1. Do you know which residues across region B:127-144 are within 11 Å of another protein chain (Cβ to nearest Cβ) and in contact (Cβ under 8 Å) with a residue 12 or more places away in the chain?
2. Between B:Tyr71, B:Tyr26, which is within 21 Å of B:Ala109 (Cβ to Cβ) and either touching a Lys or Arg at 6+ places or on another chain (Cβ under 8 Å) or at pLDDT 85 or above (or both)?
3. Within region A:33-51, how many residues are over 19 Å from B:Cys182 (Cα atoms) and more than 7 Å from chain B (Cβ to nearest Cβ)?
4. Scan region B:183-191 and give yes if some residue there is closer than 26 Å to B:Ser65 by Cβ, touching an Asp or Glu at 6+ places or on another chain (Cβ under 7 Å) and surrounded by 16 or more Cβ atoms within 10 Å (Cβ to Cβ), otherwise no.
5. Before we move on, is B:Ala283 among the hydrophobic types (A, V, I, L, M, F, W, C) and either farther than 25 Å from B:Asp327 by Cα or part of a helix (DSSP H, G or I) (or both)?
6. What are the residues in region B:357-371 that are open to solvent by 30 Å² or more (accessible area, probe 1.4 Å) and among the hydrophobic types (A, V, I, L, M, F, W, C), if any?
7. Looking at (1) β-branched (Val, Ile, Thr); (2) farther than 30 Å from B:Thr77 by Cβ; (3) at pLDDT 85 or above, find the lone condition where B:Ile183 falls short.
8. Could you look through region B:99-154, keep only residues that are open to solvent by less than 60 Å² (accessible area, probe 1.4 Å) and acidic (Asp, Glu), and pick out the one that is modelled with the highest pLDDT?
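The values are calculated or read from the model by the stated rules, or taken from the named source; none is laboratory data. A quick note: this is a predicted structure, and the numbers were derived from the prediction, not measured. All Cβ positions, even for glycine, are placed from backbone atoms using ideal geometry, and neighbour counts span all protein chains on display. When the accessible area is computed, the model is the full protein with side chains, heavy atoms only, and any ligands, DNA or RNA have been set aside. Shrake-Rupley method; radii C 1.70, N 1.55, O 1.52, S 1.80 Å.
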Amino acid sequence: MNDSSSSRRQEYKALALVIVVFFPLLTIMLISSYGFLVWFSQLLLGPPGHG
Amino acid sequence: MIRRLTQNVIRPLKSLWKTLSRPAQYLSLGTIAIASFVMGIIFWGGFNTALEATNTEAFCISCHSMRDTVYPELQGTVHWSNHSGVRATCPDCHVPHNWTHKIARKMQASKEVWGAVFGTIDTPEKFEAKRLELASHEWARLSANKSLECKNCHSYSSMKWEDMSPLAAKQMKSAAERDQSCIDCHKGIAHHLPSTDGRSHQLLTAVNISVPEVGKNYYVVLQKPVFMNATSKEEAGMLNIATEIAVTDKSDGRVEFRLEGWRKRIGTGRIINEDFGINIKEAELTKEAAQSDAVVKVLEEKVDDVTGLTWQKVTVDLLTNDSELTDNVSGMWEFASTTYREACSQCHSQPEVAHFDANTWPGMFNGMIAFVNMDDDTQNLVLKYLQLHSSTYAGSHAQIDDQHNQSAKTPETALPVAKRQ
């Protein structure tokens, strides 16, 4: 009982950690770095054109 | 230390990785899929909600530098209130609507957060000092994307030419043909333009200021007050910029001068003009000075056939401060010419100076002055430059110069009298 319930808890904890904290943070960091990348490219290449 | 680190960080991570790297033993695939799917929706919804929250006016003006400066300025404009009841909020114009550029703009805001934390622009004075730089960033952005943010609402193809004045329709049509950027002409439509009060100070450095000597002619570099006597503090009028005066005497800090010009014999005759029948202002006198026989002497009278008005040739004897006079008027015309070209070519190819006559220029000029930001002195200088180089005088320069040389050679008058350039 001890062994199975503790590893069941571990699986729930792992899932929660990954989908509530880890992936959202990773996504925000990815989007931010994409934003920064675009900004820095604009610094080098000038502001975006039209169309 | 290392043991504690192993115990508290590395071991849990290891066991987490162990759990994650093998197939779930107790959680069903369905539970994992549903939980991940729902969390995905919640996250993306939350992300966009947060992004939208930073895209509201309330968020923008939550920072003092926006609330106290550009925000009140917007409130005086058509983008704040108008007959259609549609208004633009900060992000409508200042945040790109396309996702990639929007995210890039949000990241750029990290610089603004930095500025807010370290107080780069925490007073209205600091904001004014930075205004030109900040405005230039927005101008560069809107120039490059041809005012995309304006065109999200305004489109050339939906403009109703018939409802515009003929002049506006003409300008707008040629702008539409080239798909021109709106801010090429409409800078300052939603916020104050950066102050260019420094222009007239640039003028002071563009010409060399002379120390006036009795018996010589000088030009007024900046508009300056005139006085009836050497000690009076009460102003008797204003000398216009680039007006030629002949210095007749000097006293402590002031010079006595004689000005020659023409005025209309109507009203009190307060405005002295450069030439017969032409409205190029030399000076504006108070009623008292204009009607004093000691100040104004009438030399002759002539009727202008065009208007039927009688004009008087007059000399005006008054005093002014001995500062800001120059003997080099060509430097002033160069400055005016450059300013005219730079300011007016922002929106359109500026007309040849000699395209209009001297009496047409004031109306043309005053009709356009709202589109540029010139201080009062610069405005007056540019207008006078345009008038004196208009079709009225074009081609007669050589002649005028000849006359000038001749009168310089023959000292027939007791007093040097100001001659027209």
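1. B:Glu138, B:Trp139, B:Leu142, B:Ser143
2. Selected residue: B:Tyr71, the only one of B:Tyr71, B:Tyr26 that is within 21 Å of B:Ala109 (Cβ to Cβ) and either touching a Lys or Arg at 6+ places or on another chain (Cβ under 8 Å) or at pLDDT 85 or above (or both).
3. Counting residues in region A:33-51 that are over 19 Å from B:Cys182 (Cα atoms) and more than 7 Å from chain B (Cβ to nearest Cβ) gives 7.
4. There is at least one residue in region B:183-191 that is closer than 26 Å to B:Ser65 by Cβ, touching an Asp or Glu at 6+ places or on another chain (Cβ under 7 Å) and surrounded by 16 or more Cβ atoms within 10 Å (Cβ to Cβ).
5. no
6. B:Met364, B:Met368, B:Ile369, B:Ala370, B:Phe371
7. (2) is the only condition that B:Ile183 fails.
8. Taking the candidates together, the pick is B:Glu149.
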